[in-house]
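Trainee: Below is a structure I'd like to ask you about.
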Amino acid sequence: MFSRRTPASLAPNRLSLLLAERKAAGAPVIDLTVSNPTGVGLDYPREEILAALRDARSLSYEPTARGLLEAREAIAEWHAGQGAPALPDSLILAGSTSEAYGWLFKLLCEPGDEVLAPRPSYPLFECLADLDAVRMVQYALVEEFAWGIDLAELESRVRPNTRAIILVNPNNPTGTYVKRDIWLKLQEFAAYRGLAIVSDEVFFDYAWGPDPRRVSSLQGPHLALTFTLSGLSKIAGLPQMKLGWIHVAGPEPLKREALDRLEWIADSYLPVSAPIQHAAARWLELTPRIQHSIRLRTGENLDSLQQAVGLESGCRVRTPEGGWCAMLEVPRIHSDEEWALMLLENHSIWMQPGYFYDFQREGFLVASLLPEPESFRTALDRLSVIFGPH
Ligand SMILES: Cc1ncc(COP(=O)(O)O)c(C=O)c1O
C-alpha cells in the first residue's frame, strides 16, 4: 500500500522506547541531545521578536515564488556582513533547509540518481533523500585528518548517475569546516564531472576561533553549480519561524537556469508565509544579540566539559571547530548504543550514540552544548564518576 519513500518500519528504537518509559514513569532525565535553542532558557529579545510579526503588509497576499525582495535583501546583507558575499537575486526562500534539500533533489536528480553526503553527519540526509527517491552515497570524513575530506576517497564514490556533492560546513557533529585547499579542488572536480555542490552552512557563524583556511561556499571561485543552504533556525536561533534559503552561484547560463527552475519548483509550494518574510529583516538585525546568548551558553558548557575533573581518564573530549555540540570518545568496552542505554537507565542522562550520525567506528557519544549549565554540570559530575579513575 505505501511507498518505500517512508521507512519499512516506524517502530521506535531501543533508546526511544527506554526514554518514553522513563518519561512515562516521571523519572527526571538530563537531556544532552537538545538541539532546540528556544527550549533551554536562553535570553531572547522576546518583545522585539514578536513586534516584528505585527506588520500591516502581512494583511495582503503577494505570492512571490523566490520570496519577497526585502527579505532576500536582508539575507544577502547578513551574509555580506559575515564576509561572505550573497546576491538577493541569487536567493530562493523556503520553509526550512530540509525543504530546500527536497527542492534541490527535485531539481538535480531523476529517481534512483545518487548524491554524495559526508559520514559521519546529520542523520536527516538519508530520510530526505529517500523522500525524493534519491540514493544517498556516503563519503568519509577521516578521523585521522581531523574529520577532513579525503578527496581521492570522495572521487572514488562518483558514478555516472551521481548528481551532487553535499558538504556540511561546519559538519554536524564533528564541527569541521571546509578548508580553502579542498574547496578549490572540489570546485574543479565538480565542474569537470558535471556535479553540483550543495553546501549546508546552517552552523557557519558558530566557530570557536578564527582559522584563515576556512571558506564559505558563498566565496568563489564557482566553477561548478554551487548551492549554499542556511536559515533562521540556527543563524538566528529561531527554528519555529521556519525560514530557510538557497543561494545559487556558478557559471552562466547554468546558474540562471538553475534559479529559474528552482523558482518554478518554489512556485508549486509557496511555503513561506508573508508575516515571516516581512519580519525576517528585523530578526536578522536582532541576530547578533541572539547569537551572543547562544555562544555564551555553548561556550560555558564547552568550558565545563573540557575542565570536568576525572572525565579525561576514561573519556576524551574532541574539541570541535564550531557548532553546537561536542563529541566524547568513550572506551569501546560497550557499543555506542549500550553506552547510551546505560547512561539513560542508570544515570538519567540522555545522549546520542555515535551511530545516529553514522561514525565509521564505535566509541563516540555526542553531547549538545545547549542545555542549561546547571543540569549540564550535574550530568558532567555523573559522567566523571562513570569515566573517572576506578
Ligand atoms: C547540518 C544541518 N542542516 C540542517 C539542519 C536543519 O535546519 P532547518 O531547521 O533549517 O531545516 C540541521 C539541524 O540540526 C543540521 O544539523
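Every read-out reported here was derived from the displayed coordinates using simple, explicitly stated rules and does not represent laboratory data. Every value quoted in this text rests on a predicted model; they were computed, and no experiment measured them. Neighbour counts run over all protein chains shown; Cβ positions are idealised from the backbone, glycine included.
Trainee: If the viscosity is 1.002 mPa s and the temperature 20 °C, what Stokes-Einstein diffusion coefficient in µm²/s follows for segment 56-283 when Rh is the Kirkwood radius over Cα pairs? Could the numbers behind the result be given before it?
Mentor: Values: Rh = 17.7 Å.
Translational D for this selection: 121 µm²/s.
Trainee: Now a separate question. When a footprinting reagent is the concern and you count Cβ atoms within 10 Å, what order do His247, His278, His347 take, fewest first?
Mentor: His347, His278, His247
Trainee: With only alpha-carbon atoms counted, please give the Rg and Dmax of segment 184-261, in Å.
Mentor: When restricted to Cα atoms, segment 184-261 yields Rg and Dmax of 14.0, 40 Å.
Trainee: Follow-up. Suppose we keep just the DSSP beta bridges with both residues in segment 56-283; what percent of those would be antiparallel, to 5?
Mentor: Around 40 percent of the beta bridges assigned by DSSP in segment 56-283 are antiparallel ones.
Trainee: Which whole-percent values make up P(r) of segment 265-382 when all C-alpha to C-alpha distances are grouped in 10 Å steps starting at zero?
Mentor: Spelled out bin by bin, segment 265-382 gives 12, 35, 24, 17, 12, 1 percent.
Trainee: Can you give me the convex hull volume of the Cα atoms of the chain, divided per residue and expressed in Å³? Write out the running numbers ahead of the final one.
Mentor: On the way: hull volume 60.5 nm³, N = 390.
Cα convex hull per residue, to the nearest whole number: 155 Å³.
Trainee: Taking 7 Å along the Cα-to-C-beta vector as the label spot, tell me the Ser293-Leu42 distance in nanometres, rounded to one decimal.
Mentor: Label at Ser293, label at Leu42, 0.9 nm between them.
Trainee: Can you give the % of DSSP beta bridges in the chain that are antiparallel, to the nearest 5?
Mentor: Percent antiparallel among DSSP bridges in the chain is about 55.
Trainee: FRET efficiency for Ser60 and Ile265, Cβ-Cβ distance as r, R0 = 22 Å, nearest 0.05? Can you show the working numbers first?
Mentor: Values: r = 25 Å, r/R0 = 1.11.
Efficiency at R0 = 22 Å is approximately 0.35.
Trainee: Right, another one. Determine, from the Cβ-Cβ distance of Ser348 and Glu300 and an R0 of 35 Å, the FRET efficiency 1/(1 + (r/R0)^6), rounded to the nearest 0.05.
Mentor: Efficiency for this residue pair is about 0.95.
Trainee: Given Cβ point charges of +1 (Lys, Arg) and -1 (Asp, Glu) and nothing else, what value in debye, to the nearest 20, does the dipole of the chain about its Cα centre take?
Mentor: The dipole of the chain has a size of about 220 debye.
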